[in-house]
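Undergrad: Once you've had a glance at the structure underneath, I'll fire off some questions.
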Amino acid sequence: MTSKSFIFPYFLIVIASFSSYSLAQQRDLTGSMNFDGRYIVSTSDADMIGSAYVNGKLGPEEGTDTLSVIPLAGDPRDWSAVEIIASNSVAGPPAVLDLSPDGRYAFVIETFKQRPENIVSPTFRDLKVGDRLQVFDLIDPNKPVLTSDLVIPTRPLAIRMNSDGSLLAITFHKSGAGSKTPLGLFPVKDGVIGTAVYPEIAEWDNTTEMIDIDWHPEKNILAILNRDASNLRFVSVTASLAAEVLGNIVGIEKEPFRVEFTPDGRHVVVNGLYWGKDIQGHWTEAPRGSVLTVRMNANSNNQKTRHAMISTIKTGVSPEGLAVSPDGKWVVTTNLERSYLPYNDKRITWFSSLTLARLDEKTGQLIKIGDFAYDGILPEAAVFDNSSNFIAVATYDHFDDRKKGGSIDFWRIDTDPLDASRTHLVKTEYSVDVARGPHSMVIAR
């Protein structure tokens with residue numbers, strides 16, 4: 001009896017300790033997705049399936065174009081999207097959306113209008129070019145409100161707001177207003193859009209496409225990508241909204257698509273798609289793409305200013321999406337691969353991928369970590385959280401056609417605690433459903 005009386009309580013202590021350990025482990029696992037931010041905002045194009053890029057068939061419609069807002073408070077397993085109609089199109093760079101610096105207002109441009117309702121089997125050619133700029137008030141991210149719906153020049157491509165929230169820059173496609181006015185500067189105050197100015201840009205060839213832009217994190221300097229000429233220039237925007245080119249135009253890699261300044265403003269990061277007329281189908285058999293850095297030198301006068309390409313690495317195929325981490329240490333591209341091809345096309349890849357690279361913010365050097373494949377169609381955009389440890393990825397569609405809509409999927413950067421050389425991107429089990437076709441995405445920090 002004496003022996004048993006000692007064994008029994010000890011057994012209970014062991015069980016109780018094991019139970020406490022298990023519960024602690026459960027709590028730790030829940031905390032493995034500590035995505036830090038206020039809310040994510042994305043736009044979805046409900047008008048076309050991904051394979052429309054290849055055969056022109058828009059496919060079945062799923063609802064209407066939307067702006068989705070995902071508040072990031074509470075348990076990530078409970079996160080969901082609040083959605084409001086916002087006309088937009090995936091046909092262009094994933095850059096049709098931006099936020100004011102305080103996150104209060106979202107700005108959305110319409111590259112193509114929504115598909116016509118009276119056509120039985122609509123094709124890409126049935127889409128009319130867009131001409132709208134919409135403003136949404138997100139003071140309550142659970143209740144987005146449309147506050148402005150303005151007519152602007154046709155076929156806008158990319159929209160960016162400067163660091164103090166006073167100016168919106170919008171580029172226009174060369175087959176639209178871009179043939180005459182490739183760049184528009186729109187004054188903004190308290191979410192209200194003022195009268196636009198369309199500055200001349202020295203040495204700009206209006207037969208080429210100003211595909212994307214980004215503002216310097218502190219100065220009114222724009223980095224401007226020329227897709228057709230595969231080059232990059234920096235432009236200083238004056239108080240009178242004139243555009244003065246700074247220094248030399250930098251030749252970069254083939255078919256640049258997105259540009260983003262590093263947090264310290266010393267460099268820009270650019271992805272190269274390597275599409276072109278010399279590629280079968282222009283893009284359907286493209287080789288691997290690239291991501292590169294360009295150093296901006298704005299410390300001398302215009303005549304002596306020299307910018308230079310610094311570093312480049314290979315990515316997966318068609319790296320349309322690009323993001324730089326807030327701490328300046330990481331770069332990620334979202335690679336379409338050939339996931340968007342029709343299912344009966346033998347060239348299809350039944351996967352998309354992300355490429356992760358380490359960035360030295362001071363020197364601009366890139367070190368590739370790897371390509372990480374996953375089961376999803378046409379991922380066009382990604383954003384880092386505030387911690388720079390997690391990434392949200394916009395997945396346009398799913399191979400399982402029973403799963404409706406698109407999704408915002410969450411990934412994390414993981415390093416083996418016993419082997420620091422083993423760093424991976426890991427797709428978590430956390431995901432938020434949104435309307436089909438998410439392609440542009442930003443985060444309110």
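The values are calculated or read from the model by the stated rules, or taken from the named source; none is laboratory data. The structure displayed is predicted, hence computed values, not measured ones. Cβ placement follows ideal geometry from the backbone for every residue including glycine, while neighbour counts extend to all protein chains displayed. Protein only, heavy atoms only, side chains kept; ligands, DNA and RNA dropped before computing areas. Shrake-Rupley method; radii C 1.70, N 1.55, O 1.52, S 1.80 Å.
Undergrad: Starting from the eigenvalues of the Cα gyration tensor, five times each then square-rooted, give me the equivalent ellipsoid semi-axes of segment 53-163, largest first, whole Å. Can you show the working numbers first?
TA: Working: eigenvalues 142, 67, 30 Å².
For segment 53-163, the ellipsoid semi-axes come out as 27, 18, 12 Å.
Undergrad: Let me ask something else about it. Restricting attention to segment 242-303, which trypsin sites (Lys or Arg not before Pro) occupy a DSSP loop and are surrounded by at most 13 other Cβ atoms within 10 Å?
TA: Those satisfying the criteria are 277.
Undergrad: Would you please state the base-10 log of I(q)/I(0) at q = 0.15, 0.17, 0.30 1/Å for segment 57-110, with intensities from the Debye formula using one equal scatterer on every alpha carbon?
TA: The Cα Debye sum returns log10 ratios of -0.58, -0.72, -1.23.
Undergrad: With a cut-off of at most 14 other beta carbons within 10 Å, and DSSP calling the residue loop, which trypsin sites (Lys or Arg not before Pro) in segment 99-171 qualify? Please list them.
TA: On the way: sites: 104, 113, 125, 128, 132, 160; in loops: 104, 113, 128.
Listed in order of number, the matching sites are 128.
Undergrad: Which residue, 393, 296, 359, has the largest displacement toward the positive end of the dipole of segment 294-438 when charges sit on each Cβ (Lys, Arg +1; Asp, Glu -1)?
TA: 296
Undergrad: Calculate how large, on average over all directions, the projected area of the Cα convex hull of the chain is; give the answer in nm² to one decimal. Present the calculation step by step, with values, prior to reporting the outcome.
TA: Numbers: hull surface 103.6 nm².
Average of the hull's projected areas for the chain equals 25.9 nm².
Undergrad: Give me the percent of accessible area attributable to carbon and sulfur for the chain, probe 1.4 angstrom. Present the calculation step by step, with values, prior to reporting the outcome.
TA: Working: 10190 of 19430 Å².
After summing per-atom areas, the C and S share lands at 52 percent.
Undergrad: About the Cα centre, and with charges only on the beta carbon of Lys, Arg (+1) and Asp, Glu (-1), how big is the dipole of segment 71-124? Nearest 20 debye, please.
TA: 180 debye
Undergrad: What accessible area per residue comes out for the chain, rounded to a whole number of Å², with a 1.4 Å probe?
TA: Counting only protein heavy atoms, the per-residue value for the chain is 44 Å².
Undergrad: Loop-only GluC sites (Glu not before Pro) in segment 179-224, please: DSSP not H, G, I, E or B, and at most 13 other Cβ atoms within 10 Å.
TA: 200, 203, 218
Undergrad: Over all directions, average the projected area of the Cα convex hull of segment 371-426 and note it in nm².
TA: 4.7 nm²
Undergrad: GNM, the chain, Cα, under 10 Å: largest mean-square fluctuation among 238, 123, 181?
TA: The residue with the greatest mean-square fluctuation here is 238.
Undergrad: How large is the Rg to Rh ratio of segment 179-266 when both quantities use alpha carbon positions and Rh follows Kirkwood?
TA: Working: Rg = 13.2 Å, Rh = 13.8 Å.
That ratio equals 0.96.
Undergrad: Who wins for biggest fluctuation among 279, 408, 152 in a Gaussian network model of the chain, springs between alpha carbons below 10 Å?
TA: Checking each option, the largest mean-square fluctuation is seen for 279.
Undergrad: List the pair-distance distribution P(r) of segment 116-157, using every Cα-Cα distance, as the percent of pairs falling in each 5 Å bin from 0 up to the bin containing the longest distance, rounded to whole percents.
TA: 6, 18, 16, 14, 16, 18, 10, 3, 0
Undergrad: Here is a follow-up. Report the residue, chosen from 353, 240, 42, that carries the largest GNM mean-square fluctuation when the chain is represented by alpha-carbon nodes joined by springs under 10 Å.
TA: 240
Undergrad: If you take every residue apart from residue 380 with its C-beta less than 12 Å away from the C-beta of residue 380, what net charge results, scoring Lys and Arg +1 and Asp and Glu -1?
TA: Working: positive: 258; negative: 45, 320, 397.
Neighbourhood net charge equals -2.
Undergrad: I would also like to ask the following. Reported to two decimal places, what Rg/Rh ratio describes segment 82-218 when computed on Cα atoms with Rh from the Kirkwood expression?
TA: 0.98
Undergrad: Next up: Return the inverse of the average 1/r over all pairs of distinct C-alpha atoms in segment 302-445, which is the Kirkwood hydrodynamic radius, in Å to one decimal. If you can, show how the numbers build up before the last one.
TA: Details: mean 1/r = 0.0620 Å⁻¹.
Taking the inverse mean of 1/r over all distinct Cα pairs, segment 302-445 comes out at 16.1 Å.
Undergrad: Here is a further query. Taking a threshold of 20 Å on the Cα-Cα distance, which of the pairs 329/362; 277/368; 57/277 fall above it?
TA: On the way: 329/362 10 Å; 277/368 28 Å; 57/277 22 Å.
Pairs exceeding 20 Å: 277/368; 57/277.
Undergrad: Shifting gears a bit: Project the alpha carbons of segment 237-329 onto their principal axes and report the range along each, largest first, in whole Å.
TA: 44, 32, 24
Undergrad: Here's something else I'd like to know. Which cross-chain or sequence-distant (5 or more) residues have an amide H under 5 Å from the amide H of residue 112, H modelled 1.01 Å from N in plane?
TA: The answer is 89, 130.
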